[in-house]
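Q: Attaching a single structure in structure tokens format; questions to follow.
The values are calculated or read from the model by the stated rules, or taken from the named source; none is laboratory data. These numbers come from a predicted model, not from an experiment. We place every Cβ from the backbone using ideal geometry, glycine too, and count neighbours over all the protein chains shown.
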Amino acid sequence: MKLIKYILFFVIGVILAQSSLALLQLDNVVFDPAIISAGDEVTIVVQYSDNGLSISDQITSIGNEDFTFKTHIESDDSLTEKYVIVQDSQGDSFHSRVYAGDRFNRIFKVKVLNNAPAGNYQFKLVGQWYKNDKPIGGERIVRFYMPVKKEGIIMGIGGVTTTPSEVRSGDDFVTINANIENSGEKDAKAVEVKLTTPTGFKPSYSDNNRKWIGRINAGDNQKATFFIDINDSIKKGTYNFKYFINYRDLDDNTYNKTVTIPFLVKSHPYFKITNVEGVGTIGKSTKLKVTIKNIGEESAEAVDVRMLKQNSQPFNFDVRSDYIGEIKPGQEGTAIFNIDVTNDAELKKYNLQLILRSKGDSDEGDDNIYTYTRSINFDVTKKSINWIMWTGIGAIIIVILYILLKGNNKKWKLKF
């Protein structure tokens, strides 16, 4: 009898290895909740059965409990792997048997992430026979889909406004108002927004590129305000500003999202000094010519150059400013100043400040007034001849000679 029993077990094992798994089929799948949104924890009830020749029934009928059948679920595509966490892959019971004609339920639990898009998420139910906890035969795989109808937390930027509305290079303390919104079905908390900008843009204040928002409920929005300075040399055009949004769901899962918003910079005039002519002579008046060039992308109207000096500097100006007029992009204009160098000046280079002021191009609708500060070096290189002093000295010498000659004439007369 023992020999017959061992032979029967061997035959059953061979049959299991070759055909038993092919007898399983997936009968039904039930989801709770029935309508799934991103962010939900979902209970999946999988119903399967053996609808053919029952090997498990043969095993049981001979009183052998060494044979067991185990099942688990796995993500079956990249979308499911990215957005669904399988919390209980083995189900409510690790071991189970499959009997002929019966249906069996296995309960699994999964978590759909809040940023999961709506769609069908694919899983596979994997079944395997075991003898004494060692697998025999091949795996039986049955696939099924879990539909996600609604998206959970959908963080985005509904709109961005600036003050001033038309931003130009050289503008400081530009206000950026970004409307951070949650258009999903779940609430978000611990929302933080960080703004990163290209080279040439910087926060007006320290750490001003990071804003704490807090909680944004589903369907709600909050405003994040930033202040930036724009370098004078920035060309007109569109620049990509990136907003990094970090947030958590109510289960403390962490998410992040990057939103890129174009930022428009308009053209404006921009000046540089290309040439300075004129050197100073102590005690004399000198013409100083300053040539400026419009290297911007917009015409400058009503260009005016004003010269400033420190009170301690030994100069006097008859006129402190010179009007140039319009300077188109790429063109130059020259301002001329008469500088009186006083007698207490030293032979050295002096630094003078220039204020360049212009109006924007009216043809482009730019009525802004632009002011730039530039500095130049004015070199005092020599001293002038003091003709008054030398004239006085000459006059004294003539008087002395006259007195001497007159005295000598009297002596000569006495001798004769």
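Q: Hey, among the residues in the range 340-366 that are surrounded by 15 or more Cβ atoms within 10 Å (Cβ to Cβ) and of a type in the set (A, V, I, L, M, F, W, C), which one's modelled with the lowest pLDDT?
A: The first filter runs over the range 340-366 and keeps only residues surrounded by 15 or more Cβ atoms within 10 Å (Cβ to Cβ), leaving 340-341, 345, 350, 352, 354-361, 366.
Checking the rest, the ones that are also of a type in the set (A, V, I, L, M, F, W, C) come to 341, 345, 352, 354-356.
Numbers: Val341: 89, Ala345: 85, Leu352: 91, Leu354: 93, Ile355: 94, Leu356: 94.
Going through the qualifying residues, I end up with Ala345.
Q: On to the next question. Filtering the range 302-350 down to residues that are touching a Ser or Thr at 6+ places or on another chain (Cβ under 6 Å) and in a loop (DSSP other than H, G, I, E, B), which residue is farthest from Lys382 (Cα to Cα)?
A: Lys328
Q: Follow-up question, since we're still on this one. For the range 296-339, enumerate the residues that are crowded, with 16+ Cβ neighbours inside 10 Å, basic (Lys, Arg) and at pLDDT 90 or above.
A: Arg306
Q: Shifting gears a bit: What residue, of Ile234, Ile230, is surrounded by 13 or more Cβ atoms within 10 Å (Cβ to Cβ), β-branched (Val, Ile, Thr) and modelled with pLDDT under 90? Working first, answer last.
A: On the way: Ile230 fails: modelled with pLDDT under 90.
Selected residue: Ile234, the only one of Ile234, Ile230 that is surrounded by 13 or more Cβ atoms within 10 Å (Cβ to Cβ), β-branched (Val, Ile, Thr) and modelled with pLDDT under 90.
Q: Which number in (1) modelled with pLDDT of 80 or more; (2) not in a strand (DSSP E or B) marks the one condition that Val98 misses?
A: (1)
Q: Please verify whether the range 219-230 includes one or more residues that are closer than 25 Å to Tyr255 by Cβ and outside any strand (DSSP E or B). Break it down stepwise before answering.
A: Within the range 219-230, the first condition is being closer than 25 Å to Tyr255 by Cβ, and the residues that meet it are 219-226.
From what's left, outside any strand (DSSP E or B): 219-220.
The answer is yes; a qualifying residue exists.
Q: Could you list, in sequence order, all residues of the range 168-198 that are surrounded by fewer than 18 Cβ atoms within 10 Å (Cβ to Cβ), in a loop (DSSP other than H, G, I, E, B) and in contact (Cβ under 8 Å) with a residue 40 or more places away in the chain?
A: Across the range 168-198, the qualifying residues are Asp172, Phe173, Pro198.
Q: Okay, moving on. Among the residues of the range 273-290, write down those that are part of a strand (DSSP E or B), surrounded by 15 or more Cβ atoms within 10 Å (Cβ to Cβ) and not aliphatic (A, V, I, L, M). Walk me through how you get there before you give the answer.
A: As a first pass, look at the range 273-290 and keep what is part of a strand (DSSP E or B): 273-277, 280-282, 285-290.
Remaining after also requiring surrounded by 15 or more Cβ atoms within 10 Å (Cβ to Cβ): 273, 276, 280-282, 286, 288, 290.
Residues satisfying the conditions are Gly280, Thr281, Thr286.
Q: Which condition breaks for Thr254 when tested against (1) free of Cβ contacts under 8 Å to residues at least 12 places away in the same chain; (2) surrounded by 15 or more Cβ atoms within 10 Å (Cβ to Cβ); (3) of a type outside the set (A, V, I, L, M)?
A: (2)
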